[in-house]
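What follows is one structure encoded as structure tokens, with my remarks underneath.
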Amino acid sequence: MSAVEIRDLTVWFGDGDERTDAVKSATMVVEEGESFGLVGESGSGKSTVLRAITGLVPTWEGTIRVMGQPLGRRRDRTFYKTVQMVFQDPYASLHPRMTVDAVLSEVLGLHGFRDVDARIDKLLRDVGLGPGFRFRYPHQLSGGQRQRVAIARALAPEPRILLLDEPTSALDVSVQAEILNLLTDLRAEHKLTYIMVSHDLGVVGHMCGRVAVMQHGEIVEELGVTDMREMRTRHPYTKHLLESALRSVR
Amino acid sequence: MSNLLDVENLWVKFPTRSGIFDAVRGISFSLGKERLGIVGESGSGKSMTGRAILRLIRPPGRIEADRLTMTGTDVLKASEKQMRALRGHHASMIMQDPKFSLNPVMTVGQQITEALRTHEKVSMKEARNRALEMLDAVAIREPTRVFNLYPHEVSGGMGQRIMIAMMLIPDPEILIADEPTSALDVSVQLQVLEIMDRLVAERGMGLIFISHDLNLVSNFCDRILIMYAGRIVEVCEAGKLHEARHPYTIGLLNSVPNLESPRDRLEVLKRDPAWREAPSVSALL
């Protein structure tokens, strides 16, 4: 059974003459336990795919299946127990007036967990923060620590699938390395499936096994990471992306 | 050859409730007609160094230095009026995000001509022609159309090229670029940097390129200063980056995931408290 299966997904914004299709009949299948990457420049629709899966954009058509279950207009609690998302900017995605403890207890409460206290302790330990961080507010944390809290929040309902929307692009390279290592460990430990959006091919190449390349709302190519490394691409746009990535590394 | 910029023992201090916080702690460097990179993590003082050079630190922040001279002028003693003449004409600065640094209620053309007419007595017509030439130089395809647009009508990459045009039109001798491409997409990053690089080379300017991305900087600079906790920990020639010896520099280099040489785990920086206390390395020429 595939973890996420998307067929002919079209997402649009605006109506009538104003309508723009952000994603145009995209199809992709992500197997359970896989780490799948979505790359492309801004405006290519890669984040919109994730937002359509989580139900943050109502205007979509096509089929989305999660763990075999087709999704409708509304998402129920079992969906959010299976799928969680980590957002790009940890400075914007945490409520400034809620402590780490409040953020995590709210999520745990919503999902009906009883042993909230013990779970918060474990979650914080899982993401490499000590219990000393439990009663802090976001402004008392660094960018990397905030992203760890955001990851702990996403892990709280014990999901099977994590959607990662540019999880490290707001962070320093040295902090990025810590967060990427953390995500690698968590995937192995909890047997998670990742769908990761990034504009950084180095990051995607490090984290993912398979990659879909998006341009102007369409998936133009899907390829394995080894093919990507050896520049075995069919589409000229993928080639262009790879070339600029390889050049900026050297 | 005289240097464009000489900085000796520069400190930037901010008073806080718990005492004085030193953002930059006694660094010395000079800039010739070269491309100088300043690299470090957030909080290392690299942006504060860039701002201090143009005296852009607002009170209660304080700048202190034994010497801070730019093309012969003492920046610390100059009046506000002299500073305004200095900024733009001698040195100008490209900020990180064009969304926040272009004036949203002025057209692109008005902003570029204003930058020129502040420093040079030219007619409106000539200013317009020079602005159009400049837009063309930064590879904007339809300069006359873009001239009349407002900043929200252009993309991020175009916005940053407009910034470059605006900063270069008064013909400064020093260009300070503070993370000029970190708000842009990878595919346009290189293009913007190449334009900047070409113009800096053609005009024989000095460039200070501030970034957290060591690999990127090594492509576009001749000499690199690596900053940690307000001090310079290492000075390196860009081509000899692989010979870097400070553990912090090596750590930064190894923490970037590389498409061509995959690893199971990324190297994580182990910070040594001794790095903070080690004296600043001089980068004077």
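Just give me the residues in segment A:166-178 being open to solvent by 10 Å² or more (accessible area, probe 1.4 Å) and out of contact with any His (no Cβ under 8 Å at 6 or more places or on another chain), in sequence order. Before the answer, list the steps.
Step one: filter segment A:166-178 for residues open to solvent by 10 Å² or more (accessible area, probe 1.4 Å), giving A:166, A:169-173, A:175-176, A:178.
If the condition is that a residue be open to solvent by 10 Å² or more (accessible area, probe 1.4 Å) and out of contact with any His (no Cβ under 8 Å at 6 or more places or on another chain), then A:ALA170, A:LEU171, A:VAL175, A:GLN176, A:GLU178 are the ones that fit.
Looking only at segment A:212-250, residues that are within 12 Å of chain B (Cβ to nearest Cβ), β-branched (Val, Ile, Thr) and crowded, with 23+ Cβ neighbours inside 10 Å come to 2 in all.
Here is the figure for segment B:1-31: residues that are open to solvent by 20 Å² or more (accessible area, probe 1.4 Å) and over 19 Å from B:TRP275 (Cβ atoms) total 14. Every condition in (1) under 17 Å from the mean Cα position of the chain (by Cα); (2) within 14 Å of chain A (Cβ to nearest Cβ); (3) not β-branched (Val, Ile, Thr) holds for B:ALA201 except the one numbered (2). The listed residues are B:ALA139, B:ALA115, and the only one of them that is in contact (Cβ under 8 Å) with a residue 12 or more places away in the chain and buried (at least 19 other Cβ atoms within 10 Å of the Cβ) turns out to be B:ALA115. Every condition in (1) of a type outside the set (Asp, Glu); (2) touching a residue at least 24 places away in the same chain (Cβ under 8 Å); (3) open to solvent by less than 10 Å² (accessible area, probe 1.4 Å); (4) within 12 Å of chain B (Cβ to nearest Cβ) holds for A:ASN181 except the one numbered (2). If the condition is being open to solvent by 30 Å² or more (accessible area, probe 1.4 Å), in contact with a helix residue (DSSP H, G or I) (Cβ under 8 Å, 6 or more places away or on another chain), assigned to a loop (DSSP other than H, G, I, E, B) and within 13 Å of chain A (Cβ to nearest Cβ), then segment B:156-189 contributes only B:ALA183. Consider only pairs whose beta carbons are under 7 Å apart and that are at least six residues apart or on different chains; among these, list those whose first residue lies in segment B:190-219 and is in a loop (DSSP other than H, G, I, E, B) and whose second residue is modelled with pLDDT of 85 or more. Correct list of pairs: B:GLY204/B:LYS33; B:MET205/B:PRO172; B:MET205/B:GLU173; B:MET205/B:ILE174; B:MET205/B:LEU175; B:HIS212/B:VAL39; B:HIS212/B:GLY40; B:HIS212/B:GLU41.
Only a single item in (1) part of a loop (DSSP other than H, G, I, E, B); (2) away from chain B (no Cβ under 13 Å); (3) touching a helix residue (DSSP H, G or I) at 6+ places or on another chain (Cβ under 6 Å) is not met by A:HIS199, and it is number (2).
Those residues that are open to solvent by less than 80 Å² (accessible area, probe 1.4 Å), over 27 Å from A:GLY209 (Cβ atoms) and in a helix (DSSP H, G or I), I need them from segment B:253-276; list them, please. Matches in segment B:253-276: B:ALA274, B:TRP275.
Only one entry of A:ARG51, A:ARG65, A:ARG97 meets the criterion of being open to solvent by 70 Å² or more (accessible area, probe 1.4 Å) and in a strand (DSSP E or B), and that entry is A:ARG65.
Could you say whether any residue in segment A:168-175 is within 14 Å of chain B (Cβ to nearest Cβ), touching a residue at least 12 places away in the same chain (Cβ under 8 Å), part of a helix (DSSP H, G or I) and touching a helix residue (DSSP H, G or I) at 6+ places or on another chain (Cβ under 7 Å)? For segment A:168-175, residues within 14 Å of chain B (Cβ to nearest Cβ), touching a residue at least 12 places away in the same chain (Cβ under 8 Å), part of a helix (DSSP H, G or I) and touching a helix residue (DSSP H, G or I) at 6+ places or on another chain (Cβ under 7 Å): present.
The condition of being within 17 Å of B:ARG265 (Cβ to Cβ) and either at pLDDT 90 or above or more than 9 Å from every other protein chain (Cβ to nearest Cβ) (or both) does not hold for A:THR193. For segment B:256-265, state whether one or more residues are under 23 Å from B:GLN191 (Cβ atoms), out of contact with any Gly (no Cβ under 8 Å at 6 or more places or on another chain), more than 9 Å from chain A (Cβ to nearest Cβ) and acidic (Asp, Glu). For segment B:256-265, residues under 23 Å from B:GLN191 (Cβ atoms), out of contact with any Gly (no Cβ under 8 Å at 6 or more places or on another chain), more than 9 Å from chain A (Cβ to nearest Cβ) and acidic (Asp, Glu): absent.
The values are calculated or read from the model by the stated rules, or taken from the named source; none is laboratory data. A quick note: this is a predicted structure, and the numbers were derived from the prediction, not measured. Note: ideal-geometry Cβ built from the backbone for every residue, glycine included; neighbour counts use all protein chains shown. Side chains are part of the model used for accessible areas, which takes the heavy atoms of the whole protein and leaves out ligands, DNA and RNA. Shrake-Rupley method; radii C 1.70, N 1.55, O 1.52, S 1.80 Å.
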